[in-house]
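Take a look at the structure below.
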Amino acid sequence: MGTTSTPDAEGAVETRGIEPVPDSERHGRVRELFPTWVAANISVLLLTMGAALVVNNGLNFWQVLLVAAIAAAVAFGMVGVLSVSGKWGGAPGAMLSRAAFGVRGNYFPGAILWVARFGWETINAVTGAYAVLTVLRLLFGVRANNLLIVITLLAFVACTYLVSGMGRKALNVCNRYSTYLFGAFTVMVLVYLIATMDWQAIFAKKAGTTAMVIAGIGTIAAGGISWVPTGPDFARYLPHSASGRKIVGATVSGAALVLVPMVLMGGVMAVSNPKLAGQNTDPMSFLGTILPTWLAVPYLITALVGMVLINSLSMYSAGFTAQTMGVKLPRALAVSINAVISLVGGLFMMLVAKDFIGQFITFLTLLAVSFSAWIGVYAVDMARRRTLAVRYDADGLMTIGRSSRYWYVGGFCWQAMTAWAVALAAGLCFTKVQWFTGPLATTWIGRNGLGWAATILLAAVLFAVLPRPRENVPAPDGQTTDGRTPLRES
């Protein structure tokens, strides 16, 4: 089965789905990744997370800065490295994952990644709705009620669906201008904080423990780790000649440009208002007390645009995951599934749930572990393909029958499936969240929040030491073999 693609080089709405991008349409530029990863981190929740590092972890100014810098480098370093596979295969990460797990085996990690996307989009939708409600309260004195909550959440999800449905070009344009706008207002907030904060009290705060620093890195990095399987989606239009180092550099620098100052700003704000880390039901309202209205309102509006873009990027990739899972819809319509689920989930969180931040941290923790098992396997598979002349076969990726190059044994790469399943189970054992405590959560790894790191390492090591998978390549007589013929580098 070949790649039946519709060129989207001239259209405003991207019509391409999971099929690999042919070389003739690889007109992307590495510099387009920079605003993409800036936009992916425009979330006011980073302020709350930065405040939690001070209030809950007991860290001082320099430790918060260190945590933010390391988390950005580690998480988005992985995003950048695995994004390189996008330019190799010209396909989304969920599609390239077939080469590692097999055309049937890929359904299992794909299902978890898809479900995780639902949760992430719901969190973003709720945050965006709360931002709208805060603006309405600051400008017009309007208090939130159930009807207003429903309207604002519906409006946010509708805007997200519209932008993500347009596709890559619309996202690139929105990302570029939102980067300028949000950057300008962030500088204004920084100047205001520098002028008004009690810096003597900030720098006088005692340092926290090393264990709390390590745990903080894991918490902040969790959000970035959730973007790793998405990285190839935004690099698939890059030509083969694009520099891998520049891809990593653009990814890390774009993310760090927003993540580091946002987390640090949250930490600084927490010194003057420790309650910032405890806004359990509404994570946005604190800006009305920390900042003057003339600054809080435009900053919230620009942050709202950023949150729309974060959710749009997530839904954009979720559409590919849905198609890979067998949803027989065009990408733009496949996105609608996630939009509906995020709307329903958001209504539940805003109208029923009482602890938004607690649920958010729980979700981030589980998200990091669930994505980490996939990352370990995918990274080893990608490393093995570096020396191959044909790194990803387009026809093999699109074919879901026995003739697929990635059929392995019965459609499953048992080595990848074993490594993934064992690592995922082990990672959950090291995890402790609000409603679940793993049997190994009290170990050094568990106490320091390093379950995600242990999961990546275990998945990678297991997949590396198990017998190397054999792809299903044509034999000299034109027939195919089922998982027994060595890979032919042609």
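The values are calculated or read from the model by the stated rules, or taken from the named source; none is laboratory data. Quick caveat, the model's predicted, so the values are computed rather than measured. A quick note on method: Cβ atoms are made from the backbone with ideal geometry, for glycine too, and the neighbour counts reach across all protein chains shown. Ligands, DNA and RNA are stripped out before the accessible areas are found, and what is left, the full protein with its side chains, is counted by its heavy atoms. Shrake-Rupley method; radii C 1.70, N 1.55, O 1.52, S 1.80 Å.
Results, tabulated for the structure shown:
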| quantity | calculated |
| --- | --- |
| Unmet criterion (only one of (1) modelled with pLDDT under 95; (2) surrounded by 15 or more Cβ atoms within 10 Å (Cβ to Cβ); (3) not basic (Lys, Arg)) for residue 474 | (2) |
| Unique residue being open to solvent by 10 Å² or more (accessible area, probe 1.4 Å), modelled with pLDDT under 75 and of a type in the set (Ser, Thr, Tyr) when the list is 281, 289 | 281 |
| Residue within the range 92-102 that is farther than 22 Å from residue 261 by Cβ, open to solvent by 10 Å² or more (accessible area, probe 1.4 Å) and either free of Cβ contacts under 8 Å to residues at least 40 places away in the same chain or touching a Ser or Thr at 6+ places or on another chain (Cβ under 7 Å) (or both) present | yes |
| Criterion: crowded, with 16+ Cβ neighbours inside 10 Å and either on the phi > 0 side of the Ramachandran plot or in a loop (DSSP other than H, G, I, E, B) (or both) - qualifying residue of 458, 440, 388, 428 | 440 |
| Residue in the range 147-160 that is of a type outside the set (Val, Ile, Thr) and closer than 26 Å to residue 292 by Cβ present | yes |
| Tally, over the range 352-409, of residues that are under 17 Å from residue 432 (Cβ atoms) and among the acidic types (Asp, Glu) | 1 |
| Lone unmet requirement of (1) open to solvent by 10 Å² or more (accessible area, probe 1.4 Å); (2) within 27 Å of residue 305 (Cα to Cα) for residue 71 | (1) |
| For residue 346: the one exception among (1) more than 21 Å from residue 149 (Cα to Cα); (2) at pLDDT 80 or above; (3) surrounded by 23 or more Cβ atoms within 10 Å (Cβ to Cβ) | (1) |
| Only one of 231, 249 that is open to solvent by less than 20 Å² (accessible area, probe 1.4 Å) and farther than 30 Å from residue 56 by Cα | 231 |
| Checking residue 415 against (1) among the polar types (S, T, N, Q); (2) open to solvent by less than 30 Å² (accessible area, probe 1.4 Å); (3) under 24 Å from the mean Cα position of the chain (by Cα), the condition it does not meet | (3) |
| Flag if residue 32 is acidic (Asp, Glu), closer than 18 Å to residue 246 by Cα, at pLDDT 85 or above and surrounded by 12 or more Cβ atoms within 10 Å (Cβ to Cβ) | yes |
| Hits in the range 308-329 - residues which are farther than 19 Å from residue 45 by Cβ, open to solvent by less than 10 Å² (accessible area, probe 1.4 Å) and either modelled with pLDDT under 75 or touching an Asp or Glu at 6+ places or on another chain (Cβ under 7 Å) (or both) | 316, 317, 318, 319, 320, 322 |
